[in-house]
Amino acid sequence: MTEKKTWSDRFETGLNPTIALFNASIGFDIELIEYDITGSVAHAKMLAHTGIISSEEGEILISGLEKVRQEYREGKLNPGVEDEDVHFAVEKRLTQLVGDVGKKLHTARSRNDQVGTDIRLYLRDQIQQIRSYLKEFQTALINHAQIHIETLIPGYTHLQRAQPLSLAHHLLAYFQMTQRDWERLGEIYERTNISPLGCGALAGTTFPIDRYFSAKELNFKDIYANSLDGVSDRDFAIEFTCAASLIMVHLSRLSEEMILWASQEFGFITLKDSCATGSSIMPQKKNPDVPELVRGKTGRVFGNLQALLTLMKGLPLAYNKDLQEDKEGIFDTVKTVKGCLEAMTILLNEGLEFRCDRLQNAVEEDYSNATDVADYLAGKGVPFREAYNLVGKVVKTCLAGGKLLKELTLEEWQNLHPAFENDIYEAITPQRVVSARNSAGGTGFDQVRQALKKAKELL
Ligand code: ARG
């Protein structure tokens, strides 16, 4: 069984139905319908403006297209496989509505420049939305940072206790990462904001079109300078998916930390009931599903990036049907990144609490002030490397005796080195250890206050 197809009289029979289904993109590119209509309206205006069609015809096309939009919004337009893709679906419905004039819409255009236009319009919107999701996430971070400037948290390297930190400093690290994400998306927006409309199938068109006119209608900043490049380029989509992957890297690292922090072993945060789930069998459990899902979903965004890169690498110029495969990865990336940013923002806003008591105990009970003992000696003129070796010995003795550094008597300190005085105790309190790291960008409270102020200005 074959069905009648839309292309031209060159074809004697229709497509095999299984092949028709295989070929169709309507199942997913329907997501682009509003952008397709907007692009077509601009194209119709340009056709009328240049006299390629009459202004009456232009008006009929535009109001017909808006009617199609209306029908879609009211749920009355439900294209199927027979329509192949969103571009054919819109054109077909337009022609049903306005008659033969509808058949003039595709003058001086190809689906190749059309789909390129649609996907750029779509991504432009999505990029701006994701940027505002990022700002909300950052606001949530800052709200915590604000109240935790002087809350201390162990800082780790190699996941070993290293030096204590201001909790705000730790959270502001994520602010900085996501600030770069936000900036990066802004740069990618600029490269997405170029119009391929009017590149035609690949070579331009014989009609006296005005590409700048339609670009301006669609608020594109410029037009593609080369028609082949215009219909073939998906760099912007790859860049977007790469930027999205980096957002996911950052969210996933925070997720990993939250999962650790929520464990009984760390106990640095408590998850609230609104953002945690239980186990079906172990009644005592409260699981950090949100950060776990974010960490898990990171993989699919990386996968989408890999898929897009691989999709493009062997394509000869210009359009190839392979390009139809770009869409699902792009849509999935957008949906995943937005979903994760939203969920993490909610988690920060209402789903967790830092356990200040546990955090304070944690920084009191380790050797993460050892560097400060060495710095203390270095401050008294002992060469740092010598001081470092000496403190290593002290820690070894303390470990053997089950003692913390603060538990050594002054006599014990002075036996180790005569430079130690009574102020050593004050110098190694966690609060002091943190506040003393007042170098630019460090965790010292003054630095953190300044960083917080700057961060707020960037919101
Ligand atoms: N559905 C197609 C896509 O997404 C539209 C472009 C079709 N162009 C073509 N020459 N067959 O890529």
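We did not get these values from a lab; they are worked out from the coordinates using the rules stated. Everything quoted here is computed from the prediction, not taken from an experiment. Here the Cβ positions follow ideal geometry from the backbone for every residue, glycine too, while neighbour counts run over all protein chains shown.
Descriptive notes on the structure:
- Net dipole in debye of segment 114-255 [+1 Lys, Arg Cβ; -1 Asp, Glu Cβ; about Cα centre; nearest 20]: 320 debye
- By definition, a body whose alpha carbon gyration tensor gives a ≥ b ≥ c is oblate when a/c is 1.5 or more and a/b is not larger than b/c, and segment 278-386 fits this oblate description.
- Segment 219-358: relative contact order as a whole-number percent, Cα under 8 Å and 6+ apart: 35 percent
- Residues whose placed amide H lies under 5 Å from that of residue 165, excluding near-sequence neighbours: 153, 155
- Over the chain: helical MRE at 222 nm, DSSP H runs n ≥ 4 each giving -39500 (n - 2.57), nearest 500: -19500 deg cm²/dmol
- Sequence-distant aspartates and glutamates (8 or more away, or on other chains) whose Cα lies within less than 14 Å of residue 393: 412
- Listed residue pairs exceeding 19 Å between alpha carbons, taken from 67/221; 338/454; 135/453; 45/67; 297/335: 67/221; 338/454
- Signed unit charges on C-beta, dipole axis of segment 326-377, positive-most listed residue 363, 336, 347: 336
- Whole-Hz Karplus values for segment 64-79 come out as x, 5, 5, 5, 4, 4, 4, 4, 4, 5, 7, x, 9, 10, 10, x Hz, taken residue by residue from phi with 6.51 cos²θ - 1.76 cosθ + 1.60 and θ = phi - 60°; glycine and proline positions read x.
- Cα lying deepest toward the dipole's positive end in the chain, options 208, 176, 23, charges on Cβ: 176
- Normalised by the number of residues in the chain, the average gap of Cα pairs under 8 Å and 6 or more apart makes the relative contact order 15 percent.
- Given +1 at the Cβ of Lys and Arg, -1 at the Cβ of Asp and Glu and no other charges, the dipole of segment 60-123 around its Cα centre is 200 debye to the nearest 20.
- Only the Cβ atoms of Lys and Arg (+1) and of Asp and Glu (-1) were treated as charged; on that basis the dipole of the chain about its Cα centre amounts to roughly 300 debye.
- Loop GluC sites (Glu not before Pro), segment 291-371 (other Cβ atoms within 10 Å of the site Cβ: 16 or fewer; DSSP): 365
- Local electrostatic count, residue 452, Cβ distance below 14 Å [Lys/Arg +1, Asp/Glu -1]: +1
- Dipole of the chain [Lys/Arg +1, Asp/Glu -1 at C-beta], most positive-end residue of 244, 146, 287: 146
- Phi to ³J(HN,Hα) by Karplus 6.51 cos²θ - 1.76 cosθ + 1.60 over segment 243-249, Hz, x for Gly, Pro: 4, 5, 4, 5, 4, 5, 4
- Of all stretches in the chain that contain no trypsin sites (Lys or Arg not before Pro) in a DSSP loop with at most 11 other Cβ atoms within 10 Å, the longest one is 77-284.
- Around residue 69: net Lys/Arg minus Asp/Glu count, Cβ-Cβ under 13 Å: -1
- 3J(HN,Hα) along segment 449-459: 4, 5, 4, 5, 4, 5, 4, 4, 5, 8, 6 Hz, from the Karplus curve 6.51 cos²θ - 1.76 cosθ + 1.60 with θ = phi - 60°, whole Hz, x for Gly and Pro.
- Label point 7 Å beyond Cα of residue 306 along Cβ direction - residues of segment 225-241 with amide nitrogen under 19 Å: 238-241
- With the cut-off at under 20 Å, measuring from each backbone N in segment 403-426 to a point 7 Å along the Cα-to-Cβ line of residue 380 picks out 404-426.
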